[in-house]
Amino acid sequence: MFDFIPEIPLASWVDWIVDWITSTFSFIFNPIRNQFGDFMSWSASQLASVPPIIIIIIVAVAAFFLTNRKFGLATFSIVGLLVIYNQGLWEELMFTFTLVLIASVLSVIVGVPIGILMSKSKLAETILLPVLDFMQTMPAFVYLIPAVAFFSIGMVPGVFASLIFATPPTVRFTNLGIRQVPKELVEASEAFGSTGTQRLFKLELPMAKGTIMAGINQTVMLSLSMVVIASMIGAPGLGRPVLSALQRAQAGPGFVAGISIVILAIIMDRFTQNLNKSK
Amino acid sequence: MPVIEVKGLSKVFGKNVKQSLKLLDDGKKKDEILKQTGDTVGVNRASFEVEQGEVFVIMGLSGSGKSTLIRLINRLIEPTEGSVTIDGEDLAKMNQDDLREVRRKKLSMVFQNFGLFPFRTILQNAEYGLEVQGIEKSERAEKAKEALDLVGLGDYINQYPSQLSGGMQQRVGLARALANDPEVLLMDEAFSALDPLIRKDMQDELLDLQQKMKKTIIFITHDLDEALRIGDRIALMKDGSIVQIGTAEDILMKPANDYVERFVEDVDRSKVLTAENIMVRPETVNIDKHGPRVALERMREEGLSSIYVVDADRNLKGYITADDASDARKKEIRDLKEIIKTDVPTVGRDKPMQELFEMIHDSPVPIAVVDNEKLVGIIIRGTVLAALAGESEVHVNV
């Protein structure tokens with residue numbers, strides 16, 4: 001019907017842009033890939049070298065105190081982690097955990113300041129909201145392609161893709177939390193002569209803390225899902241057995257690896273949630 | 001010299017500010033301007049001065065612009081026009097740094113819903129104003145504690161706001177405002193969120209504190225009784241404009257226009273008015289010059305059943321009744337001293353009207369208002385009823 005309009009070469013434009021970025025910024029990407037990649041494998045292998053029993057005990061004790069001395073989460077953590085260990089997936093677990101941790105921390109470091117900016121500037125909010133929508137709705141796999149172009153394969157592109165996919169909730173919730181600070185409290189802080197920075201650190205961030213933590217919880221969950229997907233581009237961890245089980249149509253091993261991810265997800269989710277409640 | 005001087009202060013919310021201001025000049029009303037330009041007039045050329053140690057109440061119904069006005073004073077809302085002068089400096093024109101200094105040192109605000117930070121303890125809340133000034137921790141804790149002691153919360157410093165009742169929370173708000181020892185306290189509907197009994201306690205407490213501290217207070221309220229109770233002077237606002245400024249009595253007895261008159265219609269005047277406001281000029285006889293015959297004659301002329309007796313210096317001596325005077329005339333008694341009654345009910349000029357009701361009910365004769373033994377007026381049932389009904393001029397026959 002609209003045949004008179006030639007097909008717009010959107011795909012080749014994007015290709016061109018990605019190529020351009022890759023070649024132009026390789027002086028940034030390459031050191032990141034090398035240094036950061038080394039750092040991540042080093043931390044993951046350090047963590048993996050700790051005897052599992054010690055990690056299980058630490059997690060259980062932390063869970064006990066974080067949940068106000070209740071045994072529920074502690075018991076679940078012990079049983080869950082033992083199951084993963086028993087299935088021979090401990091090392092994969094440590095890699096996944098390291099990746100999620102690093103990706104989440106980076107997301108928070110990037111996301112909270114952007115969220116603050118959004119809450120302070122109507123313009124920034126207008127520009128960033130559709131960008132965040134885009135970042136979240138674009139199928140997660142798509143991020144892996146430029147990630148590989150920029151950082152080759154392995155952990156680093158995994159973390160990069162996760163950063164893009166998992167940061168939006170932290171940004172959104174930070175923005176929301178600050179905007180939800182009651183007007184009278186903002187007036188009170190202004191009326192007593194606070195500077196902008198004082199208002200932010202003495203009122204807005206403490207008030208928004210609960211909401212921001214809810215965003216961080218989401219970010220951690222999204223990081224986990226992304227890190228699993230990132231096994232497609234060679235990131236180590238629990239995603240790999242899932243992927244190989246998929247390729248060989250082995251339901252059993254796929255389920256075992258899947259349940260391990262679920263266990264990790266539940267533990268991390270409850271941890272971040274309780275971190276929020278306990279204060 | 002006034003502490004704060006507000007001149008032609010205006011706020012127009014909207015996009016056609018210039019045009020709206022022009023319309024205001026032409027004397028157009030708030031709703032006409034809204035229709036023509038889409039702008040909302042918050043405050044229309046408010047001007048007043050507040051003296052050191054004065055409690056200046058700005059009172060009006062919701063939408064009258066009183067909350068906007070108080071926020072224009074410390075520039076939580078940017079004024080469209082006009083000036084706010086404090087210590088010779090115009091707040092409306094100063095830069096952000098100077099403004100912050102003024103807010104830190106000279107102006108403190110108390111909020112309707114207390115405005116306390118829920119994650120801070122009572123002490124930390126009270127310290128806030130000092131903290132943002134960068135005052136050292138031990139010093140600010142000391143000052144904040146003093147302020148909390150002043151409002152009677154010295155024992156609660158480590159609690160959190162949610163653990164306190166509304167009245168206590170507002171005391172914290174007050175302590176926070178007092179901690180940096182400001183010249184002017186801005187109180188925005190400070191007691192409106194409290195229940196009536198607590199509100200009355202807080203008003204009393206504020207007046208007590210004011211006795212000690214002699215701060216300059218600008219107090220916003222929608223409650224006329226509250227305004228009359230605590231205000232040295234009251235500014236009444238309507239549709240963004242100040243309609244009348246005056247003392248409680250001015251507003252009650254000499255309302256500037258119909259609006260004020262209707263506004264004060266339902267006020268419990270007995271709480272505001274004093275003996276002086278409602279007394280009338282007494283008919284008297286002179287104890288040294290007059291006898292029962294003159295007394296009786298005067299009572300007949302004025303339709304009285306009793307008359308007060310004074311001496312040449314108007315010192316109150318007592319009263320005589322018509323019956324006694326008439327008997328005395330029959331018995332040919334010449335001297336009033338023989339029939340005078342001295343059980344006169346007397347009150348001072350500033351006796352609240354509220355306390356007169358019972359006296360006047362029990363007394364067979366009008367109440368005498370005296371000032372240093374001298375009779376200055378009398379209060380009769382009719383004048384009390386007239387004053388309660390809101391007559392500004394009292395015309396009564398006894």
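Observations
- Residue in the stretch B:156-173 that is in a loop (DSSP other than H, G, I, E, B), within 13 Å of chain A (Cβ to nearest Cβ), under 19 Å from B:Gly129 (Cα atoms) and within 27 Å of the chain's Cα centre (by Cα) present: no
- Taking the stretch B:171-183 as the range and being farther than 16 Å from A:Glu190 by Cβ and either in contact with a strand residue (DSSP E or B) (Cβ under 9 Å, 6 or more places away or on another chain) or acidic (Asp, Glu) (or both) as the test, the residues that pass are B:Leu174, B:Leu178, B:Ala179, B:Asp181, B:Glu183.
- The single residue among B:Ser67, B:Ser20, B:Ser47 that is in contact with an Asp or Glu (Cβ under 7 Å, 6 or more places away or on another chain) and within 27 Å of B:Arg233 (Cβ to Cβ) turns out to be B:Ser67.
- On inspection, B:Ser305 does not qualify as surrounded by 14 or more Cβ atoms within 10 Å (Cβ to Cβ), closer than 21 Å to B:Val384 by Cβ and among the small types (Gly, Ala, Ser).
- Here B:Ile33 qualifies as of a type in the set (A, V, I, L, M), more than 14 Å from every other protein chain (Cβ to nearest Cβ) and farther than 30 Å from B:Gln210 by Cβ.
- Tally of residues being without any contact (Cβ under 8 Å) to a residue 40 or more places away in the chain and either β-branched (Val, Ile, Thr) or surrounded by fewer than 16 Cβ atoms within 10 Å (Cβ to Cβ) (or both) across the stretch B:267-285: 0
- Number of the exception - B:Ala235 against (1) within 30 Å of B:Gly152 (Cβ to Cβ); (2) part of a strand (DSSP E or B); (3) among the small types (Gly, Ala, Ser): (1)
- The residues listed here are B:Lys7, B:Lys29, B:Lys22, B:Lys15; of these, the one that is touching a residue at least 60 places away in the same chain (Cβ under 8 Å), out of contact with any strand residue (DSSP E or B) (no Cβ under 8 Å at 6 or more places or on another chain) and of a type outside the set (A, V, I, L, M) is B:Lys29.
- Any hit, the stretch A:223-238, residues being surrounded by 22 or more Cβ atoms within 10 Å (Cβ to Cβ), within 14 Å of chain B (Cβ to nearest Cβ) and not hydroxyl-bearing (Ser, Thr, Tyr): no
- Out of B:Leu72, B:Leu130, sole residue that is over 25 Å from B:Lys7 (Cβ atoms) and either buried (at least 23 other Cβ atoms within 10 Å of the Cβ) or within 13 Å of another protein chain (Cβ to nearest Cβ) (or both): B:Leu130
- Considered as a group, the residues in the stretch B:93-122 that are surrounded by fewer than 20 Cβ atoms within 10 Å (Cβ to Cβ) and among the aliphatic types (A, V, I, L, M) include one that is farthest from the other protein chains (Cβ to nearest Cβ), and that residue is B:Met94.
- Residues of the stretch B:186-202 that are assigned to a loop (DSSP other than H, G, I, E, B) and of a type in the set (D, E, K, R): B:Glu189, B:Asp195.
- Residue match in the stretch B:306-315 (condition: touching a residue at least 12 places away in the same chain (Cβ under 8 Å), assigned by TED's automatic domain parsing to the domain that holds B:Leu375 and over 21 Å from B:Val344 (Cα atoms)): no
- Matching residues, the stretch A:260-279, being surrounded by 15 or more Cβ atoms within 10 Å (Cβ to Cβ) and among the hydrophobic types (A, V, I, L, M, F, W, C): A:Ile261, A:Ile263, A:Leu264, A:Ala265, A:Ile267, A:Met268, A:Phe271
- Residues in the stretch B:172-193 that are surrounded by fewer than 24 Cβ atoms within 10 Å (Cβ to Cβ) and farther than 18 Å from B:Lys66 by Cβ: 3 in all.
- Given (1) assigned by TED's automatic domain parsing to the domain that holds B:Ile70; (2) crowded, with 18+ Cβ neighbours inside 10 Å; (3) touching a residue at least 40 places away in the same chain (Cβ under 8 Å), index of the condition B:Ser83 fails: (2)
- Every test in (1) crowded, with 18+ Cβ neighbours inside 10 Å; (2) touching an Asp or Glu at 6+ places or on another chain (Cβ under 8 Å); (3) within 14 Å of chain A (Cβ to nearest Cβ) is passed by B:Ile218 save one, and that test is (2).
- Conditions (1) over 14 Å from the mean Cα position of the chain (by Cα); (2) surrounded by fewer than 23 Cβ atoms within 10 Å (Cβ to Cβ); number of the one not met by A:Gln218: (1)
Results for (1) within 14 Å of another protein chain (Cβ to nearest Cβ); (2) touching a residue at least 24 places away in the same chain (Cβ under 8 Å); (3) surrounded by fewer than 24 Cβ atoms within 10 Å (Cβ to Cβ); (4) part of a helix (DSSP H, G or I), shown as yes or no for each residue.
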position	(1), (2), (3), (4)
A:Val159	no, yes, no, yes
A:Ile164	no, yes, yes, yes
A:Val171	no, yes, no, yes
A:Thr174	no, yes, no, yes
A:Val186	yes, no, yes, yes
A:Glu190	yes, no, yes, yes
A:Arg199	yes, no, yes, yes
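- A residue that is at pLDDT 90 or above and within 15 Å of the chain's Cα centre (by Cα) occurs somewhere in the stretch A:241-261.
- If you check A:Ile212, A:Ile259 for being within 14 Å of chain B (Cβ to nearest Cβ) and either of a type in the set (Asp, Glu) or not in a loop (DSSP other than H, G, I, E, B) (or both), only one passes: A:Ile212.
The values are calculated or read from the model by the stated rules, or taken from the named source; none is laboratory data. Please read all numbers here as calculations on a predicted model, not as lab measurements. Note that each Cβ is placed from the backbone with ideal geometry, even for glycine, and that neighbours are counted across all protein chains shown.
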